[in-house]
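What follows is a short report on a single structure.
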């Protein structure tokens, strides 16, 4: 294998991965907007009766999802997104059993 070619490729990869301070700031601003939107969705979920019930089930099953003092916005957004996207397992019995409809005798 040509070592100069490998070194050149590694140098190009490092250059591609580099982000300017302005690009990093824009990424952080976009992440903050996404986090704000997600927090708004969570608060809207708590406002409706069905949403409040789902929120309480999430709290019971997965625990609270609060931001810690040392947690970055990116880490908290990721953790909150996973918390919201997790599927709530179906309970063993339905909340409301099916109705028993009595039909008249069939002939």
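Could you say which residue among 32, 28, 13 is at pLDDT below 85 and closer than 27 Å to residue 75 by Cβ? Break it down into steps so the answer makes sense when it comes.
Values: 32 fails: at pLDDT below 85; 28 fails: at pLDDT below 85.
After ruling out the rest, the residue left standing is 13.
List every residue pair whose Cβ atoms sit under 8 Å apart, with the two residues 6 or more apart in sequence or on different chains, where the first one lies in segment 17-41 and is on the phi < 0 side of the Ramachandran plot and free of Cβ contacts under 8 Å to residues at least 24 places away in the same chain and the second, anywhere, is outside any helix (DSSP H, G or I) and surrounded by fewer than 13 Cβ atoms within 10 Å (Cβ to Cβ).
Listed pairs, sorted by first residue: 27/19.
Of the residues that sit in segment 42-61 and are touching a helix residue (DSSP H, G or I) at 6+ places or on another chain (Cβ under 6 Å) and under 18 Å from residue 82 (Cα atoms), which one is surrounded by the fewest Cβ atoms within 10 Å (Cβ to Cβ)? Before you say what the answer is, go through the steps one by one.
As a first pass, look at segment 42-61 and keep what is touching a helix residue (DSSP H, G or I) at 6+ places or on another chain (Cβ under 6 Å): 45-46, 51-52, 55.
Within this subset, residues satisfying the condition of being under 18 Å from residue 82 (Cα atoms) are 45-46, 51, 55.
On the way: 45: 15, 46: 12, 51: 15, 55: 17.
Top of the filtered list is 46.
The values are calculated or read from the model by the stated rules, or taken from the named source; none is laboratory data. Worth saying up front: this structure is predicted, and the values here are computed from it rather than measured. Cβ sites come from the backbone with ideal geometry, for glycine too, and all protein chains shown count toward neighbours.
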